[in-house]
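To keep things clear, I will list the structure first and then write my remarks on it.
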Amino acid sequence: MLFQIKAYLKFLWNSKDEHGVHSPFVFSLLTKCFYDKKPKPEYAILKKYRKSLLENKNFIEVTDFGAGSKVFKSNRRQISKIASTAGISPKRAELLFRVTHYFQPATILEIGTSLGLATSALALGNLNANVITLEGCPQTANQCQLQLQKFNFNNVNSIVTEFEKYFQDIKLRHQTETENFNLIYFDGNHSKKATLAYFELLLPTIDNDSVWIFDDIHWSQEMEEAWGIIKSHPKVTVTIDTFQWGFVFFRYEQKKEHFTIRA
């Protein structure tokens, strides 16, 4: 906690709003998306989705995994408790919706489904998108599928899998066929090793318009180190640090720039 407080104070010192940004691409993203305060009808759907989970007092068996997909913890947890502690916040869900709506990605990958609070925002952002969401725990994934069906999110394909194995399979397939994700939301493993492994394994799927969003980039010293390595990668041209999220772009026409933005 002390590390995060120090990191946030440093973030506040270095951060800017749209008035300190001279990149037309980033300025447009901030003014038309990040800082868009107009009400959206989709927000009501996100609110109902969350309320439904918070009112669900049923229990499920939740399995957490360690390195190499070895089970290190399995326990019964109440669905309402999971939704209140492990899910994306309402404000962040609305921002994720706006980002998806702004870029209109045709293919979306989410790493770490949980109960689908972020998944619903991604799916609502572009109802014509193909959303693939990955979850390691079968029981949690099953509950999420029931919830998505309840709210008629028919553009989501939920897959129970070990993340790294799934990405390795993608990398192998990419040798014979093109498989691109226009938007990837990384929220599955907040460790430096896993984050960088996922980054490298998924690089073959990028195109010029790809948008990658990394959650909790200031969660720990290791995650900050991972974020620094990602920023310096030669294929990365533009990054935006909003403290909780790190946005990564691969636009070849842009000069390399890093922004720290209050959002």
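The values are calculated or read from the model by the stated rules, or taken from the named source; none is laboratory data. Predicted, not measured: the structure shown is a model, and the values here were computed from it. Counting neighbours? That spans all protein chains shown, and the Cβs are built from the backbone with ideal geometry, glycine included. We work out accessible area using only protein heavy atoms, side chains counted, and drop any ligands, DNA or RNA first. Shrake-Rupley method; radii C 1.70, N 1.55, O 1.52, S 1.80 Å.
Observations on the model:
- In the stretch 1-65, a dipole from Cβ-located charges (positive for Lys and Arg, negative for Asp and Glu) runs towards its positive end, and of 13, 3, 63 it is 13 whose Cα lies farthest in that direction.
- For the stretch 99-158 versus the stretch 205-247, the inter-centroid distance based on Cα atoms is 22 Å.
- A straight Cα-to-Cα reach below 12 Å connects residue 32 with the aspartates and glutamates 18, residues fewer than 8 places away in its own chain not being considered.
- Relative to the dominant Cα principal axis of the chain, helix 163-173 is inclined by about 70°.
- Take each peptide in 232-239, 7-14, 122-129, 37-44, count the other Cβ atoms within 10 Å of every residue, and average; sorted highest first, the result is 122-129, 232-239, 7-14, 37-44.
- For residue 235 and residue 106, a Förster radius of 22 Å and the Cβ-Cβ distance give a FRET efficiency of 0.60, rounded to the nearest 0.05.
- Potential lengthening between residue 6 and residue 162 on full extension [0.36 nm per residue; Cα-Cα distance subtracted]: 52.8 nm
- The chain - mean residue ellipticity at 222 nm from DSSP helices (-39,500 (n - 2.57) per run, n ≥ 4, rounded to 500): -12500 deg cm²/dmol
- DSSP bridge pairs, the chain: antiparallel proportion in percent, nearest 5: 40
- Only the Cβ atoms of Lys and Arg (+1) and of Asp and Glu (-1) were treated as charged; on that basis the dipole of the stretch 154-262 about its Cα centre amounts to roughly 260 debye.
- For the chain, the Cβ-based charge dipole about the Cα centre amounts to some 860 debye (Lys, Arg positive; Asp, Glu negative; other atoms uncharged).
- Heavy-atom surface of the stretch 1-148, accessible at 1.4 Å and reported per residue (Å²): 52
- Two-decimal log10 I(q)/I(0) for the stretch 79-215, as the Debye equation yields it once each C-alpha is a single scatterer, q = 0.10, 0.13, 0.19 Å⁻¹: -0.30, -0.51, -1.15
- Helix 192-202 axis, angle to the chain major axis (alpha carbon atoms, nearest 10°): 80
- Set of the stretch 1-39 residues, backbone N closer than 12 Å to the point 7 Å along the Cα-Cβ line of residue 257: 18-30
- Only protein atoms count toward the accessible area here, which uses a 1.4 Å probe; on the stretch 114-189, the carbon and sulfur part of that area reaches 42 percent.
- Most mobile of 215, 241, 169 in a GNM of the chain (Cα contacts under 10 Å): 169
- Solvent-accessible surface (1.4 angstrom probe) belonging to residue 167, in square angstrom, nearest 10: 0
- Listed pairs 192/256; 37/255; 16/38; 165/235; 10/171; 37/150 exceeding 26 Å between Cα atoms: 37/255; 10/171; 37/150
- Folded to 0 to 90 degrees: helix 2-14 orientation relative to the chain principal axis, Cα: 40
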